[in-house]
1. Filtering the range 97-126 down to residues that are open to solvent by less than 60 Å² (accessible area, probe 1.4 Å) and not in a helix (DSSP H, G or I), which residue is modelled with the lowest pLDDT?
2. Can you tell me how many residues within the range 127-143 are open to solvent by 80 Å² or more (accessible area, probe 1.4 Å) and either in a helix (DSSP H, G or I) or not acidic (Asp, Glu) (or both)?
3. List, please: which pairs have Cβ atoms under 8 Å, are six or more places apart or on different chains, and start with a residue in the range 21-47 that is within 11 Å of ALA63 (Cα to Cα) and touching a residue at least 24 places away in the same chain (Cβ under 8 Å) and end with one that is open to solvent by 50 Å² or more (accessible area, probe 1.4 Å) and of a type in the set (Asp, Glu)?
4. Sort out which residues of the range 113-141 are among the aliphatic types (A, V, I, L, M) and farther than 12 Å from LEU155 by Cα, and write them in order of number.
5. How many residues are open to solvent by less than 70 Å² (accessible area, probe 1.4 Å) and not aromatic (Phe, Trp, Tyr) when one looks only at the range 144-167?
6. Would you tally the residues in the range 70-82 being surrounded by 10 or more Cβ atoms within 10 Å (Cβ to Cβ) and without any contact (Cβ under 8 Å) to a residue 12 or more places away in the chain?
7. Is the range 127-140 home to any residue that is in contact with a Lys or Arg (Cβ under 8 Å, 6 or more places away or on another chain), farther than 21 Å from HIS70 by Cα and at pLDDT 85 or above?
8. Which one of LEU22, LEU66 is at pLDDT 95 or above and in contact with an Asp or Glu (Cβ under 8 Å, 6 or more places away or on another chain)?
Amino acid sequence: MPPDHSLHTLYSDHHSWLKAWLRGKLGNASDAADLAQDTFMRLLQRQEQLQLNTPRAFLRTVARGLVIDHWRREELHRAYLEALAHVPEALVPSVESRELLLELLERLARLLDGLKPKVRQAFLLAQCDGLSHKAIAEQMGISLRSVERYVADALYHCYLLRYEDER
């Protein structure tokens, strides 16, 4: 796309196409409309000027990431509701608390998503299960030094993500 094309032109030329593409991926028009809007919102937040030769390929790439995030959220939501079904009725959190917990779970999932599987596993065993590094090493069948490195890598990753907006 020539440099004089604005985001407005990109939106007017390709929004309907993107929404139809998303509807094919998601199977419903409502989620497709939401993710099409989210795609263009992402572009609005970009600092650099868009100069696209293949605007639909670019939009599809941005939207594909949002679809993956959407599916991940849906799976997390289903798992959370399934876990709640096993909680005694007297202990089920309020609707407001459930929404806050689900939001927290989504943030944690995004945070952990950037970790390699073994790093994530070691970190979760340490943080959630409270296992010692030695116990983690035994359970995972790796060296104590590897566990220490994995947990340190995960903590550093969390630190970077936590403070990235302040840099």
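1. For the range 97-126, the residue satisfying everything is GLY114.
2. The total comes to 5.
3. Correct list of pairs: empty, since none qualify.
4. LEU125, LEU131, ALA135, ILE136, ALA137, MET140
5. 9
6. Residues flagged as surrounded by 10 or more Cβ atoms within 10 Å (Cβ to Cβ) and without any contact (Cβ under 8 Å) to a residue 12 or more places away in the chain within the range 70-82 amount to 6.
7. yes
8. When all the criteria are applied, what remains is LEU22.
The values are calculated or read from the model by the stated rules, or taken from the named source; none is laboratory data. Quantities reported herein were computed from a predicted structural model and do not represent experimental measurements. As a convention, Cβ positions derive from the backbone with ideal geometry for all residues, glycine included, and neighbour counts pool all protein chains shown. Keep in mind that these areas ignore ligands, DNA and RNA; they rest on the heavy atoms of the full protein, side chains included. Shrake-Rupley method; radii C 1.70, N 1.55, O 1.52, S 1.80 Å.
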